[in-house]
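Asker: Below you will find the structure I want to go over with you.
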Amino acid sequence: MTQGSLEQRKSDHIKINLEQDVASRTTAGLEKLRFVHQALPELDMRAIDLEMDIFGKHLNGPLLISCMTGGTEEARLINRNLAIAAQAKGVAMGLGSMRAAVVRPELAPTFQVRDVAPDIVLFANIGAVQLNYGFSTQQCRQAIDMVQADALVLHLNPLQEALQPEGDVNWSNLLRKIETVVRAMPVPVIAKEVGWGISQPAARQLVEAGVSGIDVAGAGGTSWSQVEMYRARTDIQRRVAAAFADWGISTVESVRNVRTVAPYMPVIASGGLKNGVDGAKCLALGAAMFGMAGPFLRAAAQSDQAVYDEIEVMLRQLRVTMFCVGAADLSELRRVMLTE
């Protein structure tokens, strides 16, 4: 695959996500869960504490702007809008796959945001399968250093790669290479799906490989099989991709899978969350924090203020939820029961 086509793919992904219906045809499972409303919460809502620490860093709220984009001029503006708002609100941010910038250093500025967000918890991001295509610990360190990241995300996207005409489909013996990277990195390594969830066996393998956290990215949000369907160059490719619109493990089931295998590992719940109430449900299931992408991509295409407002809405929704279930802080929220 040429480097030009890699950049074009990044541009296609942004355009399709903004203009097409690429939602999964399954759900995150959160609509089946309900909190028990407390008519007498015995709390001052203004005193509810949303703050937390993860990987030795402090956050004002348990929210991650999930990994999205980079590699094009439009992506540079999106990342900067995201980062400016994340800095102002004190929440975490992930960058899109940085393969393009590692291969072509001139694209590094499309990912670099430390000048506008010196204090945020920032995740670098490399596709795990690239470890089978010439990437090593050296390239992973390069990605971390390029953006001064606090952690490295290794994303797992076998279905997406299988549906791309230019996809990287050799996933043989990848776990051993992930383990090597985990041991060599100067920062925590997080394994992340991209929208089809994490099974218990996969969680167990990743835990044994030594990852510091897992972002489940369950089914229910953006379906990258749908994205690839819109990118398809032939009718055959389009028809193959269309069959996977409801593929995957729901976010709820994925969080439970990881918690069963590794009760104390930080879990990031993402995939189909629509608001701060959904985020609260994920925290009550045991997630350390929750992540969202789509709402922030749409906001970042407008301005940093639009992203700021979106974060404010999510955190206010979380705070109101905590108030109405009687949880004064995140540790109390994680002890609140959900009904099904």
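The values are calculated or read from the model by the stated rules, or taken from the named source; none is laboratory data. This is a predicted model, so every value here is computed, not measured. Heads up, the Cβs are rebuilt from the backbone with ideal geometry, glycines too, and the neighbour counts pull from every protein chain shown.
Asker: Please find, within region 137-184, the residue that is farthest from Thr110 (Cα to Cα) out of those that are assigned to a loop (DSSP other than H, G, I, E, B), of a type in the set (Gly, Ala, Ser) and touching a residue at least 12 places away in the same chain (Cβ under 8 Å).
Answerer: Residue satisfying both the conditions and the ranking: Ser172.
Asker: I'd like the full set of residues that are small (Gly, Ala, Ser), closer than 27 Å to Phe55 by Cα and either part of a loop (DSSP other than H, G, I, E, B) or over 23 Å from the mean Cα position of the chain (by Cα) (or both), limited to region 289-340.
Answerer: Here is the first cut: in region 289-340, the residues small (Gly, Ala, Ser) are 291, 293-294, 299-301, 303, 306, 326-328, 331.
From the residues that got through so far, the ones that are closer than 27 Å to Phe55 by Cα too are 291, 293-294, 300, 327-328, 331.
Of everything in region 289-340, those that are small (Gly, Ala, Ser), closer than 27 Å to Phe55 by Cα and either part of a loop (DSSP other than H, G, I, E, B) or over 23 Å from the mean Cα position of the chain (by Cα) (or both) turn out to be Ala293, Ala327, Ala328.
Asker: I've got another one for you. Pick out the one residue from Asp119, Asp115 that is within 23 Å of Ile268 (Cβ to Cβ) and modelled with pLDDT of 95 or more.
Answerer: Just one listed residue meets the conditions, Asp119.
Asker: Related question: Name the pairs whose Cβ atoms lie under 6 Å apart, with the first residue in region 231-253 and within 23 Å of Lys281 (Cα to Cα), the second surrounded by fewer than 16 Cβ atoms within 10 Å (Cβ to Cβ), and 6 or more positions between them or separate chains?
Answerer: As it stands, the answer is Asp246/Arg25, since those pairs meet every condition given.
Asker: Something else: For region 229-250, how many residues meet the condition of being part of a loop (DSSP other than H, G, I, E, B), under 19 Å from Lys15 (Cβ atoms) and small (Gly, Ala, Ser)?
Answerer: 1
Asker: Still on this model: Out of Ser212, Ser250, Ser172, Ser199, which single residue is modelled with pLDDT of 95 or more, of a type in the set (Gly, Ala, Ser) and more than 19 Å from the chain's Cα centre (by Cα)?
Answerer: Going through Ser212, Ser250, Ser172, Ser199 in turn, the sole match is Ser172.
Asker: Please verify whether region 90-105 includes one or more residues that are under 17 Å from Val307 (Cβ atoms), within 16 Å of the chain's Cα centre (by Cα) and of a type in the set (Val, Ile, Thr). Full working, then the answer.
Answerer: Of all residues in region 90-105, those under 17 Å from Val307 (Cβ atoms) come to 90-96.
If we keep only those that are within 16 Å of the chain's Cα centre (by Cα) as well, we get 91-96.
Of the ones still in play, those that are also of a type in the set (Val, Ile, Thr) are 91.
Yes, the conditions are met somewhere in region 90-105.
Asker: Of all residues in region 193-233, count the ones that are among the charged types (D, E, K, R) and either closer than 14 Å to Ile249 by Cβ or buried (at least 24 other Cβ atoms within 10 Å of the Cβ) (or both).
Answerer: 3
Asker: Mind checking which residues of region 300-322 are surrounded by fewer than 18 Cβ atoms within 10 Å (Cβ to Cβ) and of a type in the set (A, V, I, L, M, F, W, C)?
Answerer: Within region 300-322, Ala301, Ala306, Val313, Val320 meet the criteria.
Asker: Only one of (1) of a type outside the set (Val, Ile, Thr); (2) in a loop (DSSP other than H, G, I, E, B); (3) free of Cβ contacts under 8 Å to residues at least 40 places away in the same chain is not met by Arg76, so which one is it?
Answerer: Condition (2) is where Arg76 drops out.
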